[in-house]
Amino acid sequence: MIDLGVVRDEPVAIPPPPRRGLRPLLVVAAVVLAALPGGAAPPPETAPPVIVPAAIDGRMMVREDKLFVVDPGRPVGGPGKRQMIRAYALPDVRPLFEQAVTVTGEVVDVRPVADDLVLVEERGYTGAAARIIAVRPGAAEPLWKQDGVLIGVAPGGPAVFGSDAYLGDDLETPVEWRGVDLATGTTRWTVRKARGEQAVTDSYSGEPRWLFVLGAGRLTAYDTRDGRKAAEVAQPGLRPGASALWPLEGQLLVGSDATGTTLFDTASGLVPVVHADRDLDDYVTGYDCGDLICAYATGGGLTGLDRRTLAPVWSVKDAAYSMWVDGYVFATDPTATGPRIRRSDPVTGRAAGQLDGWQLTIGDGETFYVRRREDGRVWFGVLDPGRLRVRPLVAAEGVTDECLIEDDSLICRKIDAGVGVWRLR
């Protein structure tokens, strides 16, 4: 057993937030994976958490340096209800504003897009299409409303919507993509994915730059800032539905059994840089792994593709989840009897160590956070990817698995429904 030291865990109450100010937003729900051990020094003494009141059936959201707590709401007549959104600055948990919104479904997302503008996403109870409500904190009425799924905000441009972006790969369902003016809610451009086509955006950081539409024998790139057709290339024999359409960092990978696979440079449109006479039918998606492309196989394995040739370099079985950190590929090991993370060399795919007993928690920036349950507490720490060592940060008592780390703060939903915030520095 590792001696992780003693950390006090005494709640500090804060007063109800005053009505004022602004600054938005939203959720990033914690993603927890699995596995890792190693010696660790005792953690530093930390201050007790600040406790933010929250209803047991309410929502907790974090976006950038802000915490948002959404209450379950109260009926206001008909099918509608009124939900209150409370915002706090991190890491000091300073109240920023509270804003009421009237919805017919449920508030599921909150995004700040400017110091005085918040986009609230509402979802219906019966699978109805999403709706975005633009509000200025403190204002009695919404600035505007738009039906559809918010993809993100284009760099220096409009908000990008899809009438149902989750159906971008559905060949039977048309999807309308729109660029919406943030100040007025006016639609500035529209691109339609027709029946029998596929579409995807490169929305890595919430700032989609391109919308790609794949039709029979052609691939088109649209600029999300103004909706103009920026580039189009002919792909004879290319059939939507039989193709891979993977946006990468500054690139797009397109493949089918009829045409093979092509990697396009998307910095200035669609410029083919590599072609291989092989398809990607065995894979479901891919992401950047340095000089390689990591591709998930349909059976749960992970394969490294050479970006210069698109040939497989190595394969790892049972990689249920993986991430690229400091020149290594870390993947969970679902075959282990307890939490375990395997570290692999991305050049050869060979095992380069493993960690048992801890779980990984995705946090802000490039810091690699981990956690483990022990003796009724949840310990959180920072993993050194090269040395496979853990530096403990804090131990939390009475918390659920709904935890994440953002802006030097550990934010956890407590068992009693409140939200605890621990300062890590």
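When you go through (1) part of a strand (DSSP E or B); (2) of a type in the set (A, V, I, L, M, F, W, C); (3) more than 30 Å from VAL69 (Cα to Cα) one by one for LEU404, which number turns out not to apply?
(3)
Out of the residues in the stretch 253-272 that are of a type in the set (A, V, I, L, M, F, W, C) and in a loop (DSSP other than H, G, I, E, B), state the one that is nearest to GLY237 (Cα to Cα).
The extreme case among them is ALA258.
To keep it simple, each residue is scored yes or no on (1) under 25 Å from ARG86 (Cα atoms); (2) modelled with pLDDT of 90 or more; (3) in contact with a Cys (Cβ under 6 Å, 6 or more places away or on another chain).
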| site | (1), (2), (3) |
| --- | --- |
| VAL378 | no, yes, no |
| LEU383 | no, no, no |
| VAL390 | no, no, no |
| ALA396 | yes, yes, yes |
| ASP401 | yes, no, no |
| ASP408 | yes, no, no |
| ILE415 | yes, yes, no |
| VAL419 | yes, yes, no |
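List the number of the failed condition for TYR222; all other conditions in (1) more than 27 Å from the chain's Cα centre (by Cα); (2) of a type outside the set (A, V, I, L, M); (3) crowded, with 17+ Cβ neighbours inside 10 Å; (4) closer than 25 Å to GLY156 by Cα hold.
(1)
Report every pair of residues separated by at least 6 positions or lying on different chains whose Cβ atoms are under 9 Å apart, first residue within the stretch 329-350 and free of Cβ contacts under 8 Å to residues at least 60 places away in the same chain and farther than 19 Å from GLY299 by Cβ, second of a type in the set (D, E, K, R) and outside any loop (DSSP other than H, G, I, E, B).
PHE330/ARG342; PHE330/ARG343
Quick check on the stretch 103-115. Is at least one of its residues part of a strand (DSSP E or B) and of a type in the set (S, T, N, Q)?
No - not one qualifying residue is present in the stretch 103-115.
Of the residues that make up the stretch 281-301, is at least one part of a loop (DSSP other than H, G, I, E, B), surrounded by fewer than 21 Cβ atoms within 10 Å (Cβ to Cβ), touching a residue at least 60 places away in the same chain (Cβ under 8 Å) and under 26 Å from the mean Cα position of the chain (by Cα)?
no
Which ones in the stretch 346-398 are in a strand (DSSP E or B) and at positive phi?
Matches in the stretch 346-398: GLY353 only.
Looking at the stretch 99-148 only, could you name the residues that are surrounded by fewer than 18 Cβ atoms within 10 Å (Cβ to Cβ) and of a type in the set (A, V, I, L, M)?
Matches in the stretch 99-148: ALA100, VAL108, VAL113, ALA114, ALA128, ALA129, ALA139, ALA140, LEU143.
For VAL213, state whether it is in contact with a strand residue (DSSP E or B) (Cβ under 6 Å, 6 or more places away or on another chain), without any contact (Cβ under 8 Å) to a residue 24 or more places away in the chain and either in a loop (DSSP other than H, G, I, E, B) or aliphatic (A, V, I, L, M) (or both).
Criteria met by VAL213.
Working carefully through the options GLY381, GLY386, GLY398, find the one that is closer than 19 Å to SER409 by Cβ, among the small types (Gly, Ala, Ser) and surrounded by fewer than 18 Cβ atoms within 10 Å (Cβ to Cβ).
Only one candidate passes the filter, namely GLY398.
Could you check, for the stretch 234-250, whether at least one of its residues is touching a strand residue (DSSP E or B) at 6+ places or on another chain (Cβ under 7 Å), farther than 26 Å from GLU172 by Cα and surrounded by 18 or more Cβ atoms within 10 Å (Cβ to Cβ)?
Checked against the condition, which is being touching a strand residue (DSSP E or B) at 6+ places or on another chain (Cβ under 7 Å), farther than 26 Å from GLU172 by Cα and surrounded by 18 or more Cβ atoms within 10 Å (Cβ to Cβ), the stretch 234-250 yields no hits at all.
Taking the residues in the stretch 45-91 that are of a type in the set (Asp, Glu) and loosely packed, with under 14 Cβ neighbours inside 10 Å as candidates, determine which candidate is farthest from the chain's Cα centre (by Cα).
GLU45
Somewhere in the stretch 281-292, is a residue in contact with an Asp or Glu (Cβ under 8 Å, 6 or more places away or on another chain) and either of a type outside the set (D, E, K, R) or modelled with pLDDT of 90 or more (or both)?
Checked the stretch 281-292: at least one residue is in contact with an Asp or Glu (Cβ under 8 Å, 6 or more places away or on another chain) and either of a type outside the set (D, E, K, R) or modelled with pLDDT of 90 or more (or both).
The values are calculated or read from the model by the stated rules, or taken from the named source; none is laboratory data. No experiment lies behind these values; they were computed from the predicted model shown. Glycine gets a Cβ as well: all are built from the backbone with ideal geometry, and neighbour counts include every protein chain shown.
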